[in-house]
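For reference, the structure is listed below as C-alpha cells.
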C-alpha cells in the first residue's frame with residue numbers, strides 16, 4: 001500500500017503520453033462514490049476543470065465567462081477526462097500508456113450512474129469540527145486529501161484522510177510529508193504555521209455536504225498530527 | 001576528447017550568452033555615472049544567478065520539469081497564474097528590449113533608422129525560433145556573443161589607472177554629486193540586469209530540450225560556475241570602459257552607440273566592428289531566448305506541448321504563441337518607444353519579479369520526490385536562503401527607489 | 001448604517017475627482033529651488049550631448065569610427081541636446097529668475113546649435129578641424145560650470 005497527497009502529488013502535474021509528448025496538466029481529479037468510499041477514477045483536463053479552482057467566488061465567475069464566449073457549445077464547461085486505467089506511472093509527471101491523439105473527451109454520464117465529484121470542490125472547503133478535534137478559531141479548511149493506493153485485487157485509489165488546517169491548499173508547500181526539512185528557515189516557518197493542522201481519517205464522523213460546501217467532523221472521527229513522529 | 005570539447009563549447013556559449021541588452025546598457029550607464037563604485041553588485045548578482053540556475057538546472061536534469069511546471073505544481077493554479085502574469089510581463093518587456101537592441105545595433109552599422117529594422121528583426125527572430133535547431137541557435141549566437149570580449153581588450157588598451165579603478169570598486173567611492181538613493185536604485189538595476197529571471201526559465205527549459213539526465217549535472221555545473229562569472233567579467237569591462245571615457249567628461253549614457261564608443265576610441269574601426277557584431281549576436285541571442293521563454297512559460301503553465309525537441313506541428317500552440325509574441329513585440333516598438341528606456345524598465349522589473357520564481361525553485365530543490373539523492377546540500381541551502389532574503393529585499397525596495405529617484409534621473 | 005455609508009460613496013468619489021481635476025489642471029509655478037535643480041540637470045545633459053558629439057567627431061577624425069556610427073551618435077546627441085532645451089523651455093520661470101532663465105535658455109540653444117552644426121558638417125563630408133573640437137570642449141566646460149558641477 002502506498003499513500004500520496006492528491007493536491008501535492010497529482011494536481012497540476014504534467015500529463016505525458018506513451019511517446020513522451022505532452023498532453024496537458026492534471027487540472028482536477030474525478031472522485032466517484034463507491035459504497036461509502038471516495039475513489040479517484042480519472043484525471044480532468046481543460047479550462048472547464050481549471051477555472052473553477054481559481055477560488056470559491058472567482059472560479060465560478062471565470063467559468064461562466066468562459067462558457068459565455070461560445071454559448072452554442074453545450075459541453076463547454078465539461079472537462080475532458082482520462083481514465084485512471086490508462087495511467088502507467090506517477091513520477092514528477094503523470095505518464096500514460098496510450099498516445100495522445102484523440103485522447104481527450106468528456107465523460108458520458110448516463111442517468112442513474114455513479115455519483116461523481118471533483119477534488120477541486122473538496123479542497124479549500126471550510127471544516128466544522130466538534131470540540132477538541134481541531135484547534136478552533138483558526139478557520140480550518142481542507143488543505144489536501146491523502147490517497148491510499150492498493151495494488152492487487154481492487155486496484156483502487158481512494159480517499160484515506162483529509163489534511164485539515166489553516167491557510168489554503170498548497171500552503172504546506174510539501175513540507176508536511178516529513179521527508180523535506182530544508183532549507184531550515186522555510187521548513188521551520190511552514191511547520192510553525194501548521195502546528196495545529198491535523199489529518200482526519202476518512203470514515204465515520206466525516207461528512208461532506210457537497211451542496212452547501214462544508215465538511216463536518218464529529219467526535220467520532222479519528223484525527224492525528226501531520227507527522228507521525230512529532 | 002570530444003566530451004571536453006563539448007564542455008568547453010558549453011562554457012563559451014554561457015559566457016557569450018550571459019550579456020544582453022540589459023547588461024550592456026545598465027553597466028555602461030552605471031560606469032559613466034558612478035565609476036567602479038558599484039562594481040560589487042556584479043559579483044553579488046552573478047553568484048545569485050549561478051545559485052538560481054544551478055538549482056533549476058538540477059531539477060530539470062533529474063525530474064525533466066522546467067520552472068513554470070514547478071511554479072504551478074507548488075503554488076497551485078491561482079498563485080501560479082499571478083506568478084505567470086508577473087513573470088511573463090517582465091519577460092515580454094525584455095523581449096521587446098532585445099529586439100529593439102538588435103535594431104539599434106543594426107542602425108549603428110547602416111545608419112538606417114532602427115524603426116525600419118524592427119519588423120525585419122522580429123521576422124528573423126520568429127524564423128529562427130521556427131526553423132533553427134535548438135543547439136545550433138544557442139551555439140552560434142553564444143559564440144558570436146564572445147565578440148564582446150572586445151570591451152575587455154578596449155579597457156586594457158585605454159590604459160586606465162588600475163589602482164584608481166580598484167580603489168573605486170573596493171572603497172565604494174561614490175562620486176560626490178550623486179545621492180545614496182540614486183546609488184541604491186542603480187544597484188537594484190544592476191542586480192536585475194545580472195539576475196534576469198528569463199535566463200533561468202530558458203536555462204531549465206533548455207535542459208529539458210537537450211534531454212539532460214542526472215549524468216549531465218556535472219557538466220551543467222561547470223557551465224554555470226565558469227560561464228556565468230566570466231560573462232560577469234564582461235559586464236565589469238563594459239562598466240570600466242564607460243568609467244574611463246565618460247565619467248571624467250560628465251557624459252550620461254543614453255544610447256547603444258555611446259556604449260560602444262569607448263571601444264572605437266581604444267581599438268579603432270576593427271575593434272568597434274567586432275564589438276558591434278557582439279551587440280547584434282548578444283541581443284539577437286537574448287531575443288531568441290526571451291521569445292522562447294514567453295512560449296515556455298505559458299505552455300508549462302497550461303501543459304500543452306512545447307519545445308523545439310519535437311517537430312513544429314507537434315507543438316502548434318507553442319509556435320502560435322511565439323508568432324503572437326513576435327508580432328506584439330514589433331508592435332510595441334513601432335510606437336517609437338525608445339528601446340533603451342524599455343531596457344531600463346525591464347531590468348528593474350526583473351529585480352521585482354525575481355522572488356516569484358526563485359522561491360518555488362528553492363523549495364522544490366529540497367524535495368526528494370523530485371530530486372532523490374540530488375537535493376540541495378548544505379552549501380546550496382545556505383546560499384539559497386541568503387539569496388532568498390536578498391531577492392525579497394531588492395524586490396520590495398525597487399519600486400520606492402524607482403519613484404524616489406524618478407528612475408535615476410533625480 | 002451600511003446603507004448610509006454606501007450612499008455617501010458616490011459623493012466622496014465625485015469630490016475626489018473634482019479635487020484631482022483642480023490639482024491636476026492648475027498652472028503650477030515651480031519653487032525657485034526646484035527650478036534651479038531642473039535647469040542644472042538640463043545643463044548637465046546638454047554638456048553630456050556636447051561631449052558625446054566631440055568624442056564622435058574626434059573618433060571620426062582619427063579614423064576610429066566609421067561614418068554611419070559617428071552620424072548616429074551625433075543625431076542622438078542632437079536629440080538629447082534638443083530635449084534638454086525643451087526641458088527648461090516648458091517650465092514656468094519663477095519670479096526674480098527671468099534673467100538667469102534667459103541665460104540658461106541661451107546656453108542650451110547654443111549647445112543644440114553646436115551639435116547640429118557638427119552633425120551637418122559630418123554628413124556633408126567637410127573635414128573636421130581641431131578648432132571645432134576645441135570649441136565643443138570649451139562649450140562643454142561652460143555648461144558644466146553653469147550647472148554648478
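Bear in mind that the values in this text are calculations on the coordinates, not laboratory data. None of these values were measured; they are calculated from a predicted model. Backbone-built Cβ (ideal geometry, glycine too); neighbour counts: all protein chains shown.
In table form, for the structure just shown:
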item	result
Chain A: most fluctuating residue of A:158, A:101, A:211 per GNM, C-alpha cutoff 10 Å	A:211
Residues in the range A:178-206 that a label on residue B:385 would reach, taking backbone N under 19 Å of a point 7 Å out along Cα→Cβ	A:178-195
Relative contact order (%) - criterion: Cα under 8 Å, at least six apart; region: chain B	38 percent
Rg(Cα)/(2.2 N^0.38 Å) for the protein assembly as shown, N = residue count	1.09
Shape call, the range A:121-225: gyration tensor on alpha carbons, a/c limit 1.5	oblate
Geometric extent, Cα atoms of the range B:106-166 - Rg, Dmax (angstrom)	17.5, 50
Chain B pair-distance distribution - Cα-Cα, 20 Å bins, rounded %	29, 60, 11
Peptide-level mean, for A:78-91, of C-beta atoms on other protein chains within 10 Å	0
By average C-beta atoms within 10 angstrom, highest first, the peptides B:226-233, A:199-206, B:209-216, B:15-22	B:15-22, B:226-233, A:199-206, B:209-216
For chain A, built as a Gaussian network whose Cα springs stay under 10 Å, the top-fluctuating residue of A:130, A:166, A:74	A:74
Kirkwood-based Rg to Rh ratio, the range C:92-149, C-alpha trace	1.11
Listed peptides A:37-44, C:132-139, C:50-57 by packing density, highest first (mean Cβ within 10 Å)	C:50-57, A:37-44, C:132-139
Overall dimensions of the range B:116-254 as given by Cα atoms, namely Rg and Dmax in Å	19.1, 53
Rg over Rh, two decimals, the range A:53-182 (C-alpha only, Kirkwood Rh)	1.00
Peptide C:47-59, shielding by other chains (average Cβ, 10 Å cutoff)	5
Over the range B:189-334, relative contact order from alpha-carbon pairs under 8 Å, at least 6 apart, %	25 percent
CD proxy at 222 nm, helix term only [per DSSP H run n ≥ 4: -39500 (n - 2.57); per residue of chain B; nearest 500]	-26500 deg cm²/dmol
Top of B:219, B:109, B:71 by mean-square fluctuation, Gaussian network on chain B, Cα under 10 Å	B:109
Relative contact order (%) - criterion: Cα under 8 Å, at least six apart; region: the range A:121-225	30 percent
Neighbouring partner chain Cβ atoms per residue of B:202-208, average, 10 Å criterion	0
Helix B:256-302 axis, angle to chain B major axis (alpha carbon atoms, nearest 10°)	20 degrees
Centre separation in Å (Cα based) which lies between the range B:231-272 and the range B:47-126	26 Å
Rounded tilt (10° steps) of B:134-145 against the dominant C-alpha axis of chain B	10 degrees
Computed over the range B:247-357, Cα set: Rg, Dmax in Å	18.2, 57
Cα gyration tensor, the range C:29-147 - rounded (a/c under 1.5), prolate or oblate	prolate
Descending semi-axes in Å of the range A:2-117, equivalent ellipsoid built from Cα gyration tensor	23, 18, 15
Crossing angle, helix B:114-131 versus chain B [Cα axis fit, 0-90 degrees, rounded to tens]	30 degrees
Hydrodynamic radius by Kirkwood, which averages 1/r over all alpha carbon pairs of the range B:1-144, in angstrom	18.3 Å
All-pairs Cα distance distribution in the range B:327-397, expressed in whole percent, bin size 10 Å	18, 32, 23, 18, 9, 0
Cα principal axis extents for chain A, largest first, Å	50, 38, 37
Among C:71-79, B:83-91, the order from most to least packed when residues are scored by Cβ within 10 Å on average	C:71-79, B:83-91
Euclidean distance between Cα centres, the range C:116-147 to the range B:339-410, Å	45 Å
